[in-house]
Structures are given as structure tokens and as C-alpha cells.
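Engineer: I'd like to ask some things about the structure below.
Every read-out reported here was derived from the displayed coordinates using simple, explicitly stated rules and does not represent laboratory data. Everything numeric here is computed off the predicted structure, so don't read it as measured data. Here the Cβ positions follow ideal geometry from the backbone for every residue, glycine too, while neighbour counts run over all protein chains shown.
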Amino acid sequence: MRKILEVLSPYLEDAIKMVVILFAVVAVLIFIGQKSLAVFYRYPLDYGEAPLVDQAMRLAQGQPLYRRDLATPPYTVSNYPPLYPLVLTPFVALFGPAFWPGRLISTLGALATAYFIGRIVQGQTGDRTAGRVAGVLFLAIPYVGSWSSLARVDLLALALSMAGLVVLTQHGDTRKGLIEGALLLVAAMYTRQSYGLAAPLAACVWTWRRYGWRRAATLVALIGGVGLILLLGLNLATGGGFVFNIVNANVNPYRMDNLLRNWRDVRDTLPILLALGVTGMGLCVYWLLATRKNLPPQSAPGWMMAGPYLLGAALSALTVGKVGSNVNYLLELAAALSMTAGLWMAGHALPWAEISPTARRLIRNGMIALVIVQLGFMMRGTLLGPVQDLKVRRQPERRLEDLFWEVKRTPDPILADEFMGMLTLNGRTLYLQPFEMTQLANAGLWDQTPLLESIRAQEFSMIMIHHFMNYPVYTERWTPEMLDAILTYYIADEWAGESVIFRPRDAAVHPSRTLTACAHAPWRLPGSADFGVWWLTQSLIFMSEGFEGTAPVYAVADGVLMRPGDWVGAVAILHDDPLRPGQKVWTYYDGMASAWGERSYVAAEFPPGSEGIPVKQGQLLGYQGTWHKPGMSIWPHVTFGVAEPLHADGGFPLHLLTGQAPSDPEDPHTFLDPSPYLETAISSPIMGTPVWFPLHCLGTAR
Amino acid sequence: MSLGMEKKQDFRLVALAVGLWLLTVVLTFYAIVNLLEVLMRVYAAFWADGGFYSPATQAAIGLRQFLLLPLGFLGVAITIGGAEYHREHFNTRQSWRLFARTLGVQLGLLLLGVFI
């Protein structure tokens, strides 16, 4: 046995290397697969894409980006320094305002960053495999895969900062190298301002330990000097608009729950990389202390760069708690963790002076094995997370095509949030960036009155409000005043790509927002429908504004209520039928529960198992929820149906809900058309055909 | 005595080489099955859009059928070619390294199936 181990042990590394190469190849293929779905997809994939294309369009037209005075339209801010829009401008001029150039820049930025991480690790350790795997690790991190699919500034900034670090580690001893490195770091800062922390900190610490404090001070002076001159120049040229746009307009409220949610996600997604990062920080501290005491000042292992970079990246990542933030705040952290993992894989500068080759090999192979497991988890995470998200984003492609043509037909001005990109795709510059302006209004930095007046004057031919199924994201993007004005003066007219399209409300046709019942209708309405009505599977779904559990649901008429024990968010009421005197009719109210049915919003006086409880017209039954059916949630709503009682006993036809055949074939109940009871018009009264339409009465509203 | 020891060592090395070769043969077939499964799952993750009869699923099944033949040939090549190579280069660095790399790829493919 010993003989066998002696023969085979030198080749263990070859075997492990093959496994890691195989995993790396698959990780790269998954990365490429993501790009194949994203880069040339025509429509917006993220809220933040359109503003950047808009900025490039403005630059191409010679318009200023950083306006100080936002009292007049366009109500837009440029959150980032100008480098990315400048890079994008020639593409916009050549190919029009498409998204693919921006996404391509991000993809190339990610690939360049991976390459530079590899160069840094290889340069510091001389280990080519460790360098390459560190680069692939970066590409495999789910945050990188998802964000590099978007036309956003981050990957370009990251690539520039990494390029700066590469130049400084390899040519930092020459004047030219120092200047080039500093300029690249400044370029990164002028792509995204937050890149002024981690990479410059790492560069300065490393230069200090490698070449002494004088060179480090020169580097600080170069970065600070060039950065400051550019800042002053741009700020003067824009009359203070530059600082206002990239600093003041970025001060969003901070939410600890955002930070904790993201921290939990990082912890669950990258546990091994985090552990290697933390221990790497320990090694950095060790070497800082050791080189101060025992080693010559020229000794600066890679940990001196990776440690400060990780520290800066972690501090930067803390800002992920800001409202409106996303995983882009974690990209530097991803790069730093990949770098530290690379150094560990190479068994770089371990603190034991006399370590045996066998022990070193053991550590190295152990680290590579850990990285293989981490790669496996990340690939799985990417396939289950970002790739599925991307598919979901691409799903409404056909409806988005309709929306594109709808926007093309509609005259300016148009307001939009998630799908602002439909405007830029049509060659129109933005009138409003709702999220950014809402944050400014909340911070007291922008007076929204002129915009509110324009909304009330119905100056906009179309307003698109996006609404993720499981979260009313528009509450962060529009101020309550804007929403109130929109819902009062506009009517939810159509639905496309999870966006509700509002058009000016015509008082003669559309009832007011506070409508409770249509004139001459025997029944009142069961709830509000600020976001429109959906005719779906033989019932009307009233969509309300706001969070689940806030919009009340009322009994449409007097009757007797029942709620079987297994109805989480539903009740049914038996009424005298106003259209067929002497007969009875059931009304059914569903959706009064949270998305997965764990919380019921049915009023407390109607607990499960209720039966024969008399209710009055207008009595509160509960609140609109997001539960629709098992495994499917939709926006806050109440599903309203009308059904004939069972002939046998007058009971509720439960088989209509389960989709099962009726127990008595001679008694084929169906839901009834509710419009005669409510006097509302259903645009497409074909039973079972889903259609979205604005709420309007056949007669006059009361 | 030393001659006897060498013969004994040789026999152990021969047994080791034959054992490793047999292991690569067995793992080749598992690895091929696993590789096809992994490819199907990755394909499904990116492009599957419906049930069994959706175009994407049918394309994935077609892809698997298409890959089966070349991968089968690869399995035969590893089995026969590997045997020839290891016989000719018995107890050399190249032979043990090739064993290590072959087993690395095969175990890697099996491990990949755990994650994907």
C-alpha cells in the first residue's frame, strides 16, 4: 500500500488540476451562455440601463449631462461620472440607441477583470494555474455573471481599476508605470465614483511596502491630484452640477434590512471564498507586522495587495444597504475574494518559514479542492438564480415588442420607470428618471411641484408603471404625491411586460378613482382597481395600488357569508339574486392572503370554518393580497366571481374552484358574467379569455 | 533476493496499472452518462421553456442522441487506446500522469453531476 501511495502521490496534483480545469471550462461556458441570452436581447433588462443610453444620446447631441438646475424638464440626473457614457457615445452615434454595445462593454469588462486578476495572482506567485483559476472564479460568481449582462458602468470601472493594479504591480518601479497605474485608477473613479476606495487603497499600501513611502506618497499625489483637477474642472464647467449629480443625487436612505439580506446571500453563495478571504486578511496583517520587524522593506507579498483591496471592497460593499442598490455593490468584493483564493491556491507566502514541500503540496491541493467545491456551488447558483431571472426578464418579449410599437405611436412626453428603455430605443431622450428624482424629492433637494402640475394637467400621453409580481417596486420609484396624481388623473388602461400603462382619464367615460359603485348597478364594487381590472378564468380581478394587506375588500350586497376551513384568503356570500328575483346567487372573493398563503388578510370576524354569518353591503371582508393560486402570486388584488348555487342544496359550487367535474353532471355550473351585477364593461366578454382593461361603468358612476 | 523484490514490486505495479486501467474503463461509461445528463441540465437551465414536447426539450433530447455516438467512440478509444498506451509506457512518468489526468477528468465529470 505504501509503495502504491509512493508511486501515485506525485500525480495527485495532476488529477486535481484536471478537475479544476474541467470545472473552470464549464463555468466559462455558463458565463458565455448567459451572455448569449443577454447581450443582443433588444429590450431593457434593468432599470439602470436606459439612463446611461440616454446620457450617451445627450452627449452625441451635444447636450449637457450634469445640470444643476432641475426646476425644468428633463428631470434626470447622471449618477455616475462621464467615462462610461463617453465610451458608449460613438456606438450610439454609429448604431443608434441600442443596449447591446453597453452590455458588450460590460461583458468585455468582466473578461478583462478576470484576466487582470489572473495576471496579479500569477505575477505575485508565479503559479499560472492559480492565476487562471482565480480569474475563472471571478467569472463564475453569480453576481458577476448577472451584472456583466447589463449595460451598466460597473464592470468597466472594475476592469480599469484592476488594470491599474496590474500595471502598478508589474511596472510600479518605473515612473511611467506609476503614472499609467495612477491614471487607470483615476479612470476607474471617473467611471464609477465608489471605485476611489478599494483599488487605490490596495495600490498605495502595496507600493508603500514594496518600494517605500516616498513612491507611495507620489502615487497618492498622482491619484489625488489628477482626480481633484478633473473634479474641479468638471464642477466648474457644469456650474456645480457635476458634484450635485454624482454626490448629492446618490445619497439615498440606508436600510439595514437591505444590508442583512445581501450579507446572507453572500454568506450562502460564497462561503468558501469568504473563509479564504478572511484568513487572507489575517495573512496580510501578519506580513504587515512581520515585514516591519524582520524582513527587508522590499518584501511585499501579494497579501499586501489582496488584504487592503479586500478591506476596501468590503467597506464599499456595505453601501449595498442603500435603497435602490443591487449586487453591483458586491463586484469589487467578488474580485477581491477571487484574488485571495488565487493566492491561497498557489500556497503563496505562507507564514511558516520552514514548511516541507509535502505540507505545502497538501495545503495547495486542499485549497484547490475547496475552490472546486465553491465553483460547483456557484455554477449551480448561477443556473438556478441569475439564469432563471434572465429567462423571466426575457419572457414578455412579444408583449414588449407591442409596447415598443405602442410607444412609437404615442406622442411625447411619456413617463416610464422600468421600461424607460422603450423611449431610448425609439430615439427619445428621457423626461423623468422617477427613482432618482423621487430620492431627491425625499431628501428635499428637488421641488416636484412642476412635475405634479404637469401630471394633473394630463400633459403626458402615456405613463408606464412597472410592478414586479411580488413587490410593489414603484413605491420606491414614484413619490406618494406623483402616484396620487397619476392614479387620480390617469386610468390604468393596459398591461404589458408587468407594466401598467396609464392614459389620461376621461371623466365622461372613466369613473373617478373613489368610485364605489356604478350608477344603476344592483351591487357596489368589491374593491378598488387603481391598477386596472383583469378578466381571467371567468372572474374579475381588481388590482389595487400599494402593498398587500392595505386595500379593503367589501361585500357587494347583503347576504350570508361562509368560509370553509381550508380557505386561507377567500370567502363566499350567498345573496338574493337582483337580476333573477326569487333566486339566489353566490359571490366569491379570493386573493386575500400573502403570496404563499402563510398570512391571511380576511377580516378576523370571519375565521376559517365560518358559516351562515350575515353581512351587510359595504361591510369589510378583508384586504387585497398577492395570493393567486398555489405557486403563483400576483399584485395586490381581489378575485371576484359570481356563481349560481348548486341546484341540489343551494351550496357553493366548489368544483368551479378546483377545476374538477361537478358531482352532478346534470348540474353544470359555471361562473356567471359579473358585469350586469356591477354595471361595469368588460372589454372582451369571452368567458375564459384573459384581458386587461380599465375599470369603467356602463352608466354613470355614483 | 533483490531480483525477487523487484519481481514482486513489478507485480504490484502491474496489478496497480491494470487496476487503474479497469477503473478508467468503468468510470468512462459513468462519466459519459453523467456528461450527457449535465449537458441536458445546462441546456434545460438556459433554454427549456415548456414541457416534454416543447421545442427546447426536443432539441435537448436530439442533442443527447447526437452526442451519444461520438462519446461512445471516445469511450472505446479511452479503453483500447489507454490499454495500449499504458502497456507501452508501463511504469513511466507519462503513464502514471495519464492515469491521473484521465481519472481527474472522469471524477470531475462525476462531481460536476453533483452540483449541476
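Engineer: Dimensions of the protein assembly as shown along principal axes (Cα, Å, largest first)?
Structural biologist: 113, 73, 48
Engineer: Another question about this same structure. Excluding same-chain pairs closer than 8 in sequence, count the lysine pairs in chain A whose Cα atoms lie under 26 Å apart.
Structural biologist: 5
Engineer: Continuing with the same structure: Report, in cubic angstrom per residue, the convex hull volume of the C-alpha atoms of region B:2-115.
Structural biologist: So the per-residue Cα hull volume is 98 Å³.
Engineer: Quick check: pseudo-label points 7 Å beyond the Cα along Cα→Cβ at B:Asp49 and A:Phe547, how many nm apart are they?
Structural biologist: The modelled label-to-label distance comes out at 3.7 nm.
Engineer: Moving on. Helix A:128-140: angle to the longest alpha-carbon principal axis of chain A, degrees 0 to 90, nearest 10?
Structural biologist: Long axis of A:128-140 versus the principal axis of chain A: about 20 degrees.
Engineer: Considering only DSSP beta bridges where both residues belong to chain A, give the percentage that are antiparallel (nearest 5). Numbers along the way, then the final one.
Structural biologist: Details: 53 of 57 bridges.
Expressed as a percentage, antiparallel bridges in chain A total about 95.
Engineer: Let me know the longest stretch in chain A that avoids all GluC sites (Glu not before Pro) found in a DSSP loop with at most 10 other C-beta atoms within 10 Å.
Structural biologist: Working: sites that count: A:Glu354, A:Glu598, A:Glu666.
Segment A:1-353 is the longest.
Engineer: Label-point separation (nm) for A:Val285 and A:Leu12, each offset 7 Å from Cα along Cα-to-Cβ?
Structural biologist: About 3.1 nm, to one decimal.
Engineer: Taking 8 Å as the Cα distance limit and 6 or more residues as the minimum spacing, I'd like the relative contact order of region B:2-115 as a percentage. Write out the running numbers ahead of the final one.
Structural biologist: Values: 64 pairs, mean separation 47.9, N = 114.
Value for region B:2-115: 42 percent.
Engineer: Report the Cys residues of the protein assembly as shown lacking a disulfide-compatible partner, meaning no second Cys Cβ under 4.7 Å from their Cβ.
Structural biologist: So far as the 4.7 Å Cβ criterion goes, A:Cys204, A:Cys284 stand without a partner in the protein assembly as shown.
Engineer: Express in whole angstrom the spacing between the alpha-carbon centres of region A:299-366 and region A:421-484.
Structural biologist: Comparing the Cα centres of region A:299-366 and region A:421-484, I get a distance of 42 Å.
Engineer: Another question about this same structure. Please work out the Cα center distance from region A:33-96 to region A:237-261, rounded to the nearest Å.
Structural biologist: A separation of 18 Å, based on Cα centres.
Engineer: Around A:Leu574, what is the net charge, scoring Lys/Arg as +1 and Asp/Glu as -1 over all other residues with Cβ under 13 Å from its Cβ?
Structural biologist: Neighbourhood net charge equals -4.
Engineer: If each Cα of region A:299-420 is one equal point scatterer, what is log10 of I(q)/I(0) from the Debye formula at q = 0.09 Å⁻¹?
Structural biologist: One equal scatterer on each Cα of region A:299-420 leads to -0.49.
Engineer: Output ³J(HN,Hα) for region A:489-502: one whole-Hz value per residue in order, computed from phi by the Karplus curve 6.51 cos²θ - 1.76 cosθ + 1.60 with θ = phi - 60°, and x for Gly and Pro.
Structural biologist: For region A:489-502, the Karplus curve yields 9, 10, 10, 5, 9, 7, 9, 8, x, 6, 10, 9, 9, 9 Hz.
Engineer: Within chain A, what's the longest run with no chymotrypsin sites (Phe, Trp or Tyr not before Pro) in a DSSP loop and at most 13 other beta-carbon atoms within 10 Å? Give the range, please.
Structural biologist: Maximal segment without exposed cleavage sites: A:41-351.
Engineer: On C-alpha positions alone, give me the angle between the axis of helix B:55-88 and the longest principal axis of chain B, in degrees, nearest 10.
Structural biologist: Once rounded, the angle reads 10 degrees.
Engineer: In degrees, nearest 10, range 0 to 90: what is the angle between the Cα axis of helix A:213-237 and the longest Cα principal axis of chain A?
Structural biologist: With rounding to tens, the tilt is 40 degrees.
Engineer: Additional query: Give me the net charge for the shell around A:Ile455: Cβ to Cβ below 10 angstrom, other residues only, Lys and Arg +1, Asp and Glu -1.
Structural biologist: -3
Engineer: A:Thr76: net charge of surrounding residues, Cβ under 10 Å, Lys/Arg +1, Asp/Glu -1, itself excluded?
Structural biologist: With Lys, Arg at +1 and Asp, Glu at -1, the neighbours total 0.
Engineer: Using a 10 Å cut-off around each Cβ of peptide A:376-384, what is the average number of partner chain Cβ atoms that fall inside?
Structural biologist: Mean partner shielding for this stretch: 3.
Engineer: Run through all the Cα pairs of region A:353-429 and give the fraction in each 10 Å bin from 0, expressed as whole percent.
Structural biologist: 15, 24, 16, 14, 12, 10, 7, 1
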